[in-house]
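The structure appears below as structure tokens.
A short reminder: the numbers here are calculations on the coordinates, not readings from a lab. From a predicted model like this one, the values you see are computed outputs, not experimental measurements. Cβ placement follows ideal geometry from the backbone for every residue including glycine, while neighbour counts extend to all protein chains displayed.
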Amino acid sequence: MVEISAEPTQSGSSARPGSERADAAHRSLPKATARDVSVFYGEKQALFGVNLDIPDRNVMAFIGPSGCGKTTFLRCFNRMNDTITGARVTGEVKIQGKNIYDPGVDPVQVRARVGMVFQKPNPFPKSIFENVAYGPRIHGLAKSKADLEEIVVNSLNRAGLFEEVKDRLDSEGTSLSGGQQQRLCIARAIAVSPEVILMDEPCSALDPIATAKVEELIDELHENYCIVIVTHNMQQAARVSQRTAFFHLGYLVEEDATDHIFTNPRQRRTQDYITGRFG
């Protein structure tokens with residue numbers, strides 16, 4: 001049985017002079033960029049020339065009606081569309097200034113840098129501990145058993161789950177409730193220290209209480225991560241995101257600060273969607 005009682009690590013160091021200004025500047029720089037990105041499934045074009053900057057340490061929400069291209073675009077940022085037969089991506093997608101579609105870039109390494117949480121919780125058929133340890137182990141992030149245990153504990157703590165599962169880390173991940181499973185998947189994603197976390201409707205299969213916990217977690221995590229979330233729930237987008245992008249029929253219609261999108265959008269189509277005239 002795995003027994004770990006470690007406390008979460010905390011940085012406790014005081015800020016250096018000027019560090020607040022440097023941090024503010026860092027937040028203003030885009031973590032990820034898309035330039036003229038189009039996606040094709042065979043002969044069908046699903047996304048048309050999208051240009052977008054995604055800032056660091058923010059939550060960016062993608063909204064729009066079903067089939068508008070928001071999930072297709074989300075999957076461009078970790079090359080998940082590569083796994084679909086006949087799918088083709090054109091344009092440029094950069095993470096930290098490097099085009100992840102350049103020849104020679106390993107998609108597996110891209111997915112280590114860009115974690116993804118899916119619509120339906122999908123824990124591995126392994127123990128809670130092994131679910132979180134899997135990524136760090138295969139990517140060689142832990143030099144010893146103690147290092148691996150520390151990564152697992154810290155990841156579960158950051159996902160707000162450790163206190164709930166610390167006495168049963170050897171239990172199957174699938175034995176957890178739906179909300180706990182989703183937080184386990186989030187812990188699994190952050191265990192490899194990704195630069196970006198993608199979330200594809202992470203609360204659509206959860207009850208309101210579990211949804212609230214995941215939203216609280218997103219609010220905490222964005223202090224350290226760039227998070228992009230696809231959601232059909234406009235109230236959720238308004239609650240958790242700092243910026244929102246509205247997609248329609250494969251086009252990016254509008255992107256702005258979330259409060260502007262929901263209170264004073266520039267485009268009529270955005271206004272019509274927000275007010276329920278279509279979608």
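Couple of notes before you dig in:
- Hits in region 141-159 (condition: closer than 23 Å to residue 113 by Cβ and either among the small types (Gly, Ala, Ser) or touching a Gly at 6+ places or on another chain (Cβ under 7 Å) (or both)): 142, 155, 159
- Answer residue from region 170-199, given it is in contact with a Lys or Arg (Cβ under 8 Å, 6 or more places away or on another chain) and of a type in the set (Asp, Glu) and is farthest from residue 121 (Cα to Cα) among those: 195
- Test result for residue 132, in contact (Cβ under 8 Å) with a residue 40 or more places away in the chain and under 20 Å from residue 225 (Cα atoms): yes
- Where strands (runs of 3 or more DSSP E) sit wholly within region 27-83, those with at least 3 residues that are touching a residue at least 40 places away in the same chain (Cβ under 8 Å), within 20 Å of residue 118 (Cα to Cα) and in contact with a Ser or Thr (Cβ under 8 Å, 6 or more places away or on another chain) occupy 59-63.
- Of the listed requirements (1) without any contact (Cβ under 8 Å) to a residue 40 or more places away in the chain; (2) under 26 Å from residue 219 (Cβ atoms); (3) in a loop (DSSP other than H, G, I, E, B), residue 160 misses just one: (1).
- Checked against (1) without any contact (Cβ under 8 Å) to a residue 12 or more places away in the chain; (2) farther than 30 Å from residue 44 by Cβ, residue 108 passes all but a single condition, namely (2).
- Residues of region 109-157 classified as farther than 26 Å from residue 206 by Cβ and assigned to a loop (DSSP other than H, G, I, E, B), total: 6
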